[in-house]
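Here is the structure we will look at.
The values are calculated or read from the model by the stated rules, or taken from the named source; none is laboratory data. In this text the structure is predicted, and so the values were computed from the model without any measurement. Glycine also receives a Cβ, built like all others from the backbone with ideal geometry; neighbour counts cover every protein chain displayed.
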Amino acid sequence: MRCWPAATIVVLLACQREPAPAPPEEPAASGSAAASAASAPSVRLLPALAPGMVDEDEASATLQEQRQALLGRMRRMLGLDEEALERLQVVLSGSRVLGQGNPAANEHPLTRRQCRERREAAGIVEKVSPVCQRPFMVPLYDRAHGRPEDATLCIDAYEFPGLPCDYPVTWATAKEAAALCAAVGKRLCDAHEWEGACAGAVLPVAEEYDFSKPRKESKFAHNAKREVLWAYGPKKDHALCGTSSKKSKSCDPISFKGCGSNTFPAGSFPACVSPYGVYDQHGNAAEHMNLPTSEAELGARGGLGQTEMKGSWFIFGGYEAHEDDCRWRAPDWHATRVTDPNSHANYHLGLRCCLDLPAVKRP
């Protein structure tokens, strides 16, 4: 995988700034396809993109330094315009803990450089999908009978911030997760979209939810009939994914000061990838998703429902706290509305974003 100089990346990802609305007060409003279209940065379509990690050896001493370095990498690798960066800054500055973990407590088991070297050895080359037209996103489509061009949805190949070989953002509440996605012109994925991206087939909404039943009954019925498989295949193997890190010794009780977000850089495990090309849906950071309890709460319809946590986390190889196959839905852990300002946040909990394709100009 070729490493472009930073200045070259800026040229390759040349942005055309567009007027954008002020940062939304409620993520529910900004989650719609229309809002995504209005706020999306304009990124020039490229036939191929293979940048190495920008500032891969950066090590911040404070959370503020970490946030500014992260925004810099997002600008240079995602081609974000100033309005998007300002919206991100608003979300970040509204929290005392939101970022890539506490720099004073983090003990990452792998560096960004080591991640890049692993991926280069595996022959991984990044390309911009002509369907998604965004770096590091992949289209979700009917792989059995359709083509990528038939997709109506794209998903980030990597945990937010959506960059290969960068550390996931953690300590986000569900409301902040939705706001972060909206800031870059995307939305928080629905539970079934994440599940389908993992399993290799996104099933129809009518098969995935029973809106006539309470959440617990609907979840039980879903789990009872689900196909059991993992992103990498039908047999569970935690060693293929980022599950071998450790929990901080000082992380009892849970606190920002005592708990490091001891994640791997996203994409560090080339075999931990779904048939669509989505990485780290097992291990690394667990992920906030939107669980609709009615059709109006589906992300594609501009809605937000209840909180749902997906995947597993970075110590799962030694402490398997729950099932983590692709289509498994969790119990109602910390369940709130996504828009609840007190929705759950944790040192091992991140997010992943989706993009409705009607908001994208196709070639």
Checklist entry - In this structure, does E120 turn out to be of a type outside the set (G, A, S), touching a helix residue (DSSP H, G or I) at 6+ places or on another chain (Cβ under 8 Å), farther than 20 Å from C189 by Cβ and part of a helix (DSSP H, G or I)? => result no
Item to check | Every pair of residues 6+ apart whose Cβ atoms lie under 7 Å, when the first sits in the stretch 339-353 and is surrounded by fewer than 24 Cβ atoms within 10 Å (Cβ to Cβ) and of a type in the set (S, T, N, Q) while the second is modelled with pLDDT under 95 and in a loop (DSSP other than H, G, I, E, B) | outcome: T339/E26
Next on the checklist: So, in the stretch 215-247, how many residues would count as being touching a Ser or Thr at 6+ places or on another chain (Cβ under 9 Å) and assigned to a loop (DSSP other than H, G, I, E, B)?
Outcome noted: 5
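Taking the condition assigned to a loop (DSSP other than H, G, I, E, B) and within 20 Å of L298 (Cβ to Cβ), does A201 pass?
Working: assigned to a loop (DSSP other than H, G, I, E, B): yes; within 20 Å of L298 (Cβ to Cβ): yes.
Yes.
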Next on the checklist: Looking only at the stretch 189-248, count every residue that is under 30 Å from R147 (Cβ atoms), surrounded by fewer than 14 Cβ atoms within 10 Å (Cβ to Cβ) and either in contact with a Cys (Cβ under 6 Å, 6 or more places away or on another chain) or of a type in the set (D, E, K, R) (or both) and tell me the total.
Outcome noted: 4
Checklist outcome for this item: Exactly one of T263, T293 is under 23 Å from R215 (Cβ atoms), in a loop (DSSP other than H, G, I, E, B) and either in contact with a Lys or Arg (Cβ under 8 Å, 6 or more places away or on another chain) or touching a residue at least 12 places away in the same chain (Cβ under 8 Å) (or both), and that one is T293
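Looking only at the stretch 140-180, count every residue that is assigned to a strand (DSSP E or B) and either at pLDDT below 95 or of a type in the set (A, V, I, L, M) (or both) and tell me the total. Working first, answer last.
Taking the stretch 140-180 first, the residues assigned to a strand (DSSP E or B) are 140, 153-156, 170.
After this cut, where a residue has to be either at pLDDT below 95 or of a type in the set (A, V, I, L, M) (or both) as well, the list is 140, 153, 155.
The number of residues fulfilling the criteria is 3.
Before we move on, is A84 assigned to a loop (DSSP other than H, G, I, E, B), in contact with a Gly (Cβ under 8 Å, 6 or more places away or on another chain), touching a residue at least 24 places away in the same chain (Cβ under 8 Å) and among the small types (G, A, S)? I'd like the intermediate steps shown before the answer.
On the way: assigned to a loop (DSSP other than H, G, I, E, B): no; in contact with a Gly (Cβ under 8 Å, 6 or more places away or on another chain): yes; touching a residue at least 24 places away in the same chain (Cβ under 8 Å): yes; among the small types (G, A, S): yes.
Here the answer is no, as A84 does not meet what is asked.
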